[in-house]
1. Take the stretch 230-264 and flag every residue that is in contact with a strand residue (DSSP E or B) (Cβ under 8 Å, 6 or more places away or on another chain) and without any contact (Cβ under 8 Å) to a residue 60 or more places away in the chain.
2. Looking at residue 121 and the list (1) more than 16 Å from residue 309 (Cβ to Cβ); (2) within 16 Å of the ligand (Cβ to nearest atom); (3) touching a helix residue (DSSP H, G or I) at 6+ places or on another chain (Cβ under 6 Å), which single condition is not satisfied?
3. Quick check on this structure: which one of 335, 345 is in a helix (DSSP H, G or I), more than 30 Å from residue 78 (Cβ to Cβ) and in contact with a strand residue (DSSP E or B) (Cβ under 8 Å, 6 or more places away or on another chain)?
4. Please indicate, with yes or no, whether at least one residue in the stretch 242-252 is over 13 Å from the mean Cα position of the chain (by Cα), closer than 24 Å to residue 293 by Cα, buried (at least 24 other Cβ atoms within 10 Å of the Cβ) and away from the ligand (no atom under 16 Å from the Cβ).
5. Test residue 186 against the stated conditions and say whether it is closer than 15 Å to residue 220 by Cα, over 20 Å from the mean Cα position of the chain (by Cα) and not assigned by TED's automatic domain parsing to the domain that holds residue 387.
6. Quick one: in the stretch 376-394, which of the residues that are touching a helix residue (DSSP H, G or I) at 6+ places or on another chain (Cβ under 7 Å) and surrounded by 13 or more Cβ atoms within 10 Å (Cβ to Cβ) is farthest from residue 414 (Cα to Cα)?
7. What is the number of the single condition among (1) touching a residue at least 24 places away in the same chain (Cβ under 8 Å); (2) under 30 Å from residue 403 (Cα atoms); (3) more than 14 Å from the ligand (Cβ to nearest atom) that residue 67 does not meet?
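The values are calculated or read from the model by the stated rules, or taken from the named source; none is laboratory data. Model, not experiment: these values are computed from the prediction. Using ideal geometry, Cβ is built from the backbone for each residue, glycine included, and neighbour counts are taken over all protein chains shown.
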Ligand code: PLP
């Protein structure tokens, strides 16, 4: 093995030569070499500072480097770092109770996993076992994780690479995407009604008695923050009630204050039967996920064995991190700050829309926002289409490169720029980030025709 001159080079080569990076061609990668992070900022090994405008993968909701979490983790490790999931621990019980408090009253018990995909896998299994049915209905423009079942449940094109081995019995339907409504609706309410009616028809064709669950993201994330128009969730709940189908909210990205409420589905006042969560549950400090179940599902397993299990389910250290993170949300009033900063962000983006013809649409709830870039506001021709080929990403790649050059990390996909900063962000920090985005948008503006 060659030794490199500096630590920085050694680290770079060890990473690129001996580890694989998600979702990418491995040749020609140029990832940020992260060294430390605090609040909304992170620094690379050259000392360059980046403002984190997507909380990494929309998970570092409390901001980076919170020492309270570090201390809770260290204390738990000193006392008890691991026992098998058949044992009782204080951290597990504390977390279960807290989750039962912050989720709607009908959700009473949690099964703990290591992340979001596993939460979805276990929710699918529970829904199938509980109902004795096999089909799962989801939206095309959705992502539920990268394991086989979760990937098959999502409609995201990242699954094309493994489609031939997909989990069977998943039925996809179109989203209520008002900006590009497949039913050419005049109002969001009309789009909601038509999308729900389409789902109802398809469930009819599929045999409603074979459908175990409908899975919806609590609020859409990586597919472009496609907001649910008013009335949609209520109609989906009605369809579920009519046919004995379970409603599953995937709150992996939309949960834990991201939208200004604890969960995205809280905005719609609808009861769900299962809720999947991860990401913000520990704000990324350690891996953890959970499925919360309705009391009737919990009781179902009072006298039947629960067909789920993982070596690291309810890992005490992850649970301790989550308990500390939940305290931070409350003590730092992060949900309230998200509402305030979300409003401020909406005002500022409204100004930016006046300056940048490339912004076609802005969709946001709290700090779960997405700019959709277009080549033309009338035709809505996207700056890059859904599942864009590399050759269709030239402009967006230049925008992305500019954002990074100017000192920002954020999640950019196709023609979407995500604005999902840590929930502790201030107005000044938002302004600093928006100035960077504004400058980068000039590149996109030049391609508007
Ligand atoms: N569900 C949603 C809505 C997500 O956004 C994601 C990840 O981005 C997942 C599930 C998968 O979570 P994980 O990557 O922790 O497996």
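1. We begin by selecting, within the stretch 230-264, every residue in contact with a strand residue (DSSP E or B) (Cβ under 8 Å, 6 or more places away or on another chain); these are 233, 236-237, 239-240, 243, 245-256, 258-260, 263-264.
The answer is 233, 236, 237, 239, 240, 243, 247, 249, 251, 255.
2. The single condition residue 121 does not satisfy is (1).
3. 345
4. First, pick out the residues of the stretch 242-252 that are over 13 Å from the mean Cα position of the chain (by Cα): 242-248.
Retained after the next criterion (residues that are closer than 24 Å to residue 293 by Cα): 242-248.
Keeping just the survivors that are buried (at least 24 other Cβ atoms within 10 Å of the Cβ) gives 245-246, 248.
Now drop any that are not away from the ligand (no atom under 16 Å from the Cβ), which leaves 245-246.
Yes, the stretch 242-252 has at least one match.
5. On the way: closer than 15 Å to residue 220 by Cα: no; over 20 Å from the mean Cα position of the chain (by Cα): yes; not assigned by TED's automatic domain parsing to the domain that holds residue 387: yes.
It is false that residue 186 is closer than 15 Å to residue 220 by Cα, over 20 Å from the mean Cα position of the chain (by Cα) and not assigned by TED's automatic domain parsing to the domain that holds residue 387.
6. Restricting attention to the stretch 376-394, the residues satisfying the condition of being touching a helix residue (DSSP H, G or I) at 6+ places or on another chain (Cβ under 7 Å) are 380, 383-385, 387.
Those still in the list that are surrounded by 13 or more Cβ atoms within 10 Å (Cβ to Cβ) too: 380, 383-384.
Numbers: 380: 14, 383: 8, 384: 5 Å.
Taking the candidates together, the pick is 380.
7. (1)
Each row is one residue, and each column tells you yes or no for (1) within 25 Å of the chain's Cα centre (by Cα); (2) assigned by TED's automatic domain parsing to the domain that holds residue 433; (3) closer than 20 Å to residue 253 by Cβ; (4) within 16 Å of the ligand (Cβ to nearest atom).
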residue	(1), (2), (3), (4)
3	no, no, no, no
6	no, no, no, no
22	yes, no, yes, yes
25	yes, no, no, no
39	yes, yes, no, no
45	no, yes, no, no
48	no, yes, no, no
54	yes, yes, yes, yes
58	yes, yes, yes, yes
